[in-house]
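Here the structure comes first, spelled out in structure tokens, and everything after it is commentary.
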Amino acid sequence: MKAINNLCLMGMNGVLADTPLKEGVNEIIVPENTLFEAKILHIFSDISLKILLVGDRSKCDVKIVYLCNKNNNYNINIEVIHEHKNTLSNHQIKGVLTDNAKMVLNGVIRMPKDSQKCEGFLNHRGVLLSENASVKVTPELEIFADDVKCSHGSAIGALDENQLFYLLARGIDKITAQKILLKAYLSDLLPDVWDEYIDDWMAKNVSTHV
Amino acid sequence: MALLEIKNLCARVGEKEILKNFSLTINEGEIHAIMGPNGSGKSTLSNVIAGHPAYEVTSGEIYFKGLNVLEMTPDERANSGIFLAFQYPTELPGVGTALFLKTAMNAKLKFLGKPELDAVTFMKKLKVRANALGITDEMLKRPVNVGFSGGEKKKMETFQMAFLEPDFCILDEMDSGLDIDALRVVSTGVNVMREPKRSFLIITHYQRLLDYIEPDYVHIMVDGRIVESGDKNLALKLEEKGYESYK
Ligand SMILES: Nc1ncnc2c1ncn2[C@@H]1O[C@H](COP(=O)(O)OP(=O)(O)OP(=O)(O)O)[C@@H](O)[C@H]1O
Ligand SMILES: [Mg+2]
């Protein structure tokens with residue numbers, strides 16, 4: 001299975017370009033009044049995005065779901081440069097790791113001196129299904145403008161023990177319970193078309209020993 | 001016949017001993033009430049019976065229908081007929097209530113070797129139970145317990161219990177947070193479930209609940225064990241005197 005993704009440049013009049021993600025750095029230049037939207041399901045490769053918000057009111061909205069298993073070791077690199085004032089970036093990243101998988105997430109938001117009234121957000125959550133899996137997040141905010149909003153958040157941990165127990169206490173077996181919780185956790189970033197991939201991955205990777 | 005037998009149960013959380021030689025036998029068809037001060041171990045007892053992993057049983061035994069409960073996983077316990085209505089029900093964001101209940105019901109049917117419910121029968125059954133307990137369609141559409149008020153969560157627990165029809169029901173402070181009307185509705189929901197083979201363990205701080213659901217036995221639990229047992233008059237006596245004499 002290849003990483004599937006869907007990158008889409010949206011202008012005021014609809015889709016400007018629809019590009020598949022490539023290996024290496026994907027440089028995306030977002031012009032004036034344009035929204036760059038990406039929904040990325042990350043299973044078998046690194047991802048590098050360099051997004052330049054160069055026009056007035058250019059925006060990007062990126063949602064990434066990653067699933068890592070076995071001894072896989074992947075990187076997600078995101079660099080957002082708010083070159084123009086009045087630009088907005090939003091990155092929402094959620095993932096699930098099992099076995100000995102490792103993920104490194106580098107997220108950089110740059111706001112040079114003239115990028116007033118910009119907003120940049122990057123949020124990450126990682127769920128670990130195994131004690132040997134890990135995520136390393138290196139956030140970097142490089143802000144030289146003063147009238148901006150910017151934040152970087154990350155939370156990493158196992159599935160919530162009380163939520164899991166609630167499902168078990170209603171007779172639902174541990175594998176099904178974990179799948180229900182994982183699906184619920186990913187659901188806000190997950191377009192329905194990916195259901196099949198997620199179900200397939202969970203069928204192979206969710207086990208009873210947690 | 002004994003439905004649930006707890007013998008000399010000791011349990012702890014981390015390093016803290018909470019249940020200290022707790023023993024109790026509940027026969028088929030009986031209603032037992034447990035009252036006791038905050039922190040005496042009532043919810044710990046509930047969680048240990050249901051199999052919460054945070055509580056470690058250090059000694060003692062629990063038998064349900066003659067089966068060794070401590071060797072069963074939490075889902076096996078539930079499917080065998082043990083139901084815990086939680087003191088603090090957990091919210092499950094993103095998990096729809098109807099799907100959750102369908103999964104739970106089908107898990108139980110599968111465990112019992114029975115066929116799954118078809119969609120129509122499931123919805124019908126769900127609606128009947130929901131109506132009886134004042135659960136609206138809107139509540140059924142929401143994720144499990146998310147954004148529900150304290151009282152609504154308690155109603156939801158009782159509704160799940162009525163829907164899943166367990167043989168042994170533990171109600172951990174189901175009356176806390178309920179308004180007077182809701183208390184009546186929920187109590188009626190419990191009373192209609194009374195059957196010769198079904199038993200209840202009711203944990204409460206208030207004698208008032210026992211006017212609605214009349215217990216066969218009342219136990220007073222202090223510091224991890226039962227210190228006195230009696231009939232419903234014990235609750236009245238307690239209301240008057242408090243726990244002072246047991247400390
Ligand atoms: N998961 C836990 N982690 C740490 N301590 C716990 C945990 N569960 C219970 N305890 C402690 O064990 C003791 C008994 O708690 P428990 O919840 O069983 O009391 P309770 O009788 O149900 O009280 P209440 O009437 O307030 O509901 C308390 O001191 C409590 O702080
Ligand atoms: Mg309690």
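The values are calculated or read from the model by the stated rules, or taken from the named source; none is laboratory data. The structure presented is a predicted model; accordingly, all values stated were derived computationally and were not measured. All Cβ positions, even for glycine, are placed from backbone atoms using ideal geometry, and neighbour counts span all protein chains on display. Ligands, DNA and RNA are stripped out before the accessible areas are found, and what is left, the full protein with its side chains, is counted by its heavy atoms. Shrake-Rupley method; radii C 1.70, N 1.55, O 1.52, S 1.80 Å.
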Of A:Ile180, A:Ile43, A:Ile76, which has the largest mean-square fluctuation in a 10 Å C-alpha GNM of chain A? A:Ile180
Place a point 7 Å from the Cα of A:Asp99 in the direction of its beta carbon; the residues of the stretch A:171-210 whose amide N falls under 12 Å from it are A:204-206
At q = 0.06, 0.09, 0.11, 0.13 Å⁻¹, base-10 log of I(q)/I(0) for the protein assembly as shown (Debye sum, equal scatterers on each alpha carbon): -0.36, -0.71, -0.92, -1.10
Using mean Cβ contacts within 10 Å as the protection proxy, how do B:26-32, B:12-18 order, highest first? B:26-32, B:12-18
I'd like the accessible area for B:Tyr206: 1.4 Å probe, protein heavy atoms, all chains in place, Å² to the nearest 10. 120
Folded to 0 to 90 degrees: helix A:195-205 orientation relative to chain A principal axis, Cα: 50
iface A-B | buried accessible area, total | probe 1.4 Å | Å², round 100 | 1800
Within chain B, which complete DSSP H helices have Cα atoms spanning at least 15 Å along the helix axis and a mean Kyte-Doolittle hydropathy of -1.0 or higher? B:97-111, B:119-132, B:150-164, B:180-191
Output the direction-averaged projected area (hull surface divided by four) of the convex hull of the alpha-carbon atoms of the stretch A:90-159, in nm². 4.4
Kindly tabulate the residues in the stretch B:85-103 with an accessible-area decrease of at least 20 Å² between the chain alone and the assembly of all protein chains, using a probe of 1.4 Å. B:Phe86, B:Thr90, B:Leu92, B:Pro93, B:Gly94, B:Val95, B:Phe100, B:Thr103
For the modelled label position 7 Å from the Cα of A:Asn132 along Cα-to-Cβ, which residues of the stretch A:87-126 have backbone nitrogen atoms closer than 16 Å? A:97-103
If the only charges are +1 at each Lys and Arg Cβ and -1 at each Asp and Glu Cβ, what is the size of the charge dipole of the protein assembly as shown around the Cα centre, to the nearest 20 debye? 440
Given a 1.4 angstrom probe, what's the average accessible area per residue across the stretch A:6-159, in square angstrom? 46
Dividing the surface of the Cα convex hull of the stretch B:1-81 by four yields a projected area in nm² of 5.2
Other-chain or far-sequence residues with amide H under 5 Å of A:Ile143's (modelled H): A:Met111
Please compute the Kirkwood hydrodynamic radius over chain B, one decimal place, Å, based on all pairs of different Cα atoms. 18.6
Mean ellipticity per residue at 222 nm, deg cm²/dmol - from DSSP H runs of n ≥ 4 across chain B, formula -39500 (n - 2.57): -10500 deg cm²/dmol
Using alpha-carbon coordinates, inclination of helix A:174-186 to the longest axis of chain A, degrees: 10
Ignoring any ligand, DNA or RNA, what whole percent of the accessible area of the protein assembly as shown comes from carbon and sulfur when the probe is 1.4 angstrom? 50
To the nearest 10 Å², what's B:Leu236's accessible area with a 1.4 Å probe? 90
Whole-number D in µm² s⁻¹ for the stretch B:73-180, Kirkwood Cα-pair radius fed into Stokes-Einstein, 37 °C, 0.692 mPa s: 231
Where labels lie 7 Å past Cα in the beta-carbon direction, separation of B:Leu67 and A:Ala145 in nm: 6.3
What FRET efficiency comes out for the pair B:Asp118/B:Lys237, r = Cβ-Cβ distance, R0 = 51 Å, nearest 0.05? 0.50
Fraction of alpha-carbon pairs in the stretch A:6-159 farther than 23 Å apart, rounded to whole percent, equals 36
Volume per residue that the Cα convex hull of the stretch A:44-95 spans, once the total is divided by residue count, Å³: 58
